[in-house]
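The block underneath contains the structure these notes are about, expressed in structure tokens.
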Amino acid sequence: EAGDDQHLLQPAPSFYSAAFRKSSGEEDQSLLNSDSKKSMGIEFGSASDAAGRGHELETSSCSGKFGRGIKWIQMLQEDYGGKLLVALVIVQHLTKGFAMSWVGNALNYYFRDIGGITSSTIQTYTAVIMTPWCIKGVLGLLSDTVTINGYHKGPWITMSTIGYVGAGLYVGMARIHAISLFSAILCLLMMQLHIAWSDLLTEAKYSERIRNRPEHGSDLISFVWGGLSVAQLLAVGTVGFLIESFGAKHVFTLSVIPCALGIVP
């Protein structure tokens, strides 16, 4: 009986096994967490150390992405030339991205400021102004067949840039009713001619380079269209403020600034 009582006073074996498993599991998990932190180099002595280490990791991550971006640009420069990249930034990003978005969104407000023009008539005028985009084939044929000092593209971009600057300043700085409607439409047509023509010529140039060096052709396309999308987004986000603050016609004047750089290529 005494032996039976002694047996009853002892805890059940399952109690020991459960407690042992729990203790062992906690120790193993603690050791695992400690080893993993040491292997990752993020063992912290305090909460402030953890915060400082997290800031360092974030900073190094940002600097790493920036460094990869610089290397990516350098790779494109080595393969396709720095002059081509500059021309693409000026024409595709600044001219087609910023200037075209500014001018396109300001057209309706400019005609409304003139007054006495119906919506259907404004659409007709806009279609006439955008005509150069419909005759890009003719513009390409002209630049391919007619050379200026042996060059097919550069002189045409330069001359159309000068035309854009003159037309943009004239229609933008003149009083609304000081110039005729025909003159205003002609100036806006000249501005679109420059954008369409320079866009066509630069597209032909980087397509030629991609044919010669196709290894990173997709990277060059991403450079062109990525920058163009960002520029258009920024232009659309700022054109409303410009129209409200300065008026629609002064948007044409401001668009001269990025387009004037087209003389560089």
**Request:** Please identify every one of the trypsin sites (Lys or Arg not before Pro) in the range 90-198 that sits in a loop by DSSP and has no more than 14 other beta carbons within 10 Å of its own beta carbon.
**Result:** Arg175
**Request:** Scale the Cα Rg of the range 188-265 by the rule-of-thumb value 2.2 N^0.38 Å and send over the ratio, two decimals.
**Result:** 1.35
**Fill in**
Using alpha carbon centers only, the range 156-173 is separated from the range 67-90 by a whole-angstrom value of 28
**Pairwise Cα inverse-distance average, inverted: Kirkwood Rh of the range 126-165 (Å)** = 11.2
**Asked** Relative to the Cα centre, what is the charge dipole magnitude of the range 63-195, using +1 at the beta carbon of each Lys and Arg, -1 at the beta carbon of each Asp and Glu, and rounding to the nearest 20 debye?
**Response** 300
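Where a number appears in this text, it was derived from the coordinates with a stated rule and is not lab data. In this text, all values refer to a predicted model and were calculated from it rather than measured experimentally. Cβ atoms come from the backbone with ideal geometry, glycine included; neighbour counts cover every protein chain shown.
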